[in-house]
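Colleague: Before anything else, here's the structure in question.
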């Protein structure tokens, strides 16, 4: 005879399948960190801090700090792990992308990519600069998300994704992704699909990056609309979205609405709406940054501030 307690336990576990809970928060002592990337069994964070705090910080699956890599590099904000002991690192102040050995204390540059060269007509556009937002690897291709910004009139042009040969750093082709109002900030990759998140919209835009074509949008309506998405991750049919949050005006007063972590199940039919599996409020009530999934755990960045941290979430069971 099956004990009642085990029966209820098994039923509860099935009910909680795919759901997450906060395991540890806050995690890490970080500065102006925006993105978190899977690394081994844990994660690596590009820490923007000054001096020796400007480095790549690695963390164990339990959320413990493990090591500092490439100590002293200038203004790192994103990293793409190549798997051979090297990585591409986005240096945001210089708007350059460097390939470097992770164990090299001298931070020697193996290859350099200057996305400014991907805009040959920029020299005729006074006051414009190239801003690189995110980088990611898909097999032997490095994808770079950027846009042109005019500091004279604060005009932002449509974002572009540059597809680069990972072995040589050579530009292969590029695609225009979304209108300036979308304020694209980061992306996730699965097979040929690119999932793009941005602050200025309530949807995740999808593209076939190999063909350079638009696939569609992932949008929730009404009160379920995304509030300035700042992070996106995907695994199989599951999509994970983190938000900065928003503020709204009511009468003569304004109120801030904290960010949330969304867990969605994508439909088999691209024309159908996704299913909301879980909505997790920001663990500390503050805005959220980038998000990644690794080993069944979710890692989500906190606010983009001088002193920030991560949140570590794991399965309910």
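Colleague: What FRET efficiency comes out for residue 84 versus residue 211 if R0 is 41 angstrom and r is the Cβ-Cβ distance? Round to the nearest 0.05. It would help to have the intermediate numbers written out before the result.
Modeller: Details: r = 28 Å, r/R0 = 0.69.
For R0 = 41 Å, the calculated efficiency reads 0.90.
Colleague: Order by neighbour count: 57, 237, fewest other Cβ atoms within 10 Å first, most last.
Modeller: Numbers: 57 24, 237 13.
The order, fewest Cβ neighbours first, is 237, 57.
Colleague: If you don't mind, there's one more thing I want to ask. Multiply the residue separation of residue 237 and residue 53 by 0.36 nm, subtract the distance between their alpha-carbon atoms, and state the gained length in nm to one decimal.
Modeller: Numbers: separation 184, 0.36 × 184 = 66.24 nm, distance 3.73 nm.
62.5 nm is the gain from fully extending residue 237 to residue 53.
Colleague: Round to the nearest 0.05 the FRET efficiency obtained for residue 41 and residue 256 when R0 = 30 Å and r is the Cβ-Cβ distance. Present the calculation step by step, with values, prior to reporting the outcome.
Modeller: Numbers: r = 35 Å, r/R0 = 1.18.
Calculated value: 0.25.
Colleague: Just to verify a number: FRET efficiency for residue 140 and residue 106, C-beta to C-beta distance, R0 = 22 Å, to 0.05?
Modeller: Details: r = 27 Å, r/R0 = 1.23.
Calculated value: 0.25.
Colleague: Choose one answer from 64, 116, 84: the residue with the largest mean-square fluctuation in a GNM of the chain with alpha-carbon springs under 10 Å.
Modeller: Checking each option, the largest mean-square fluctuation is seen for 84.
Colleague: By how many degrees, 0 to 90 and rounded to 10, does the Cα axis of helix 4-15 deviate from the longest principal axis of the chain?
Modeller: It is inclined by approximately 30 degrees.
Colleague: Using label points projected 7 Å from each Cα along Cα→Cβ, tell me how many nm separate residue 158 and residue 306, to one decimal.
Modeller: About 4.0 nm separates the two model spin labels.
None of the figures in this text is laboratory data; all of them are computed from the coordinates on show. None of the values given here were measured: they were computed from a predicted structure. Note: ideal-geometry Cβ built from the backbone for every residue, glycine included; neighbour counts use all protein chains shown.
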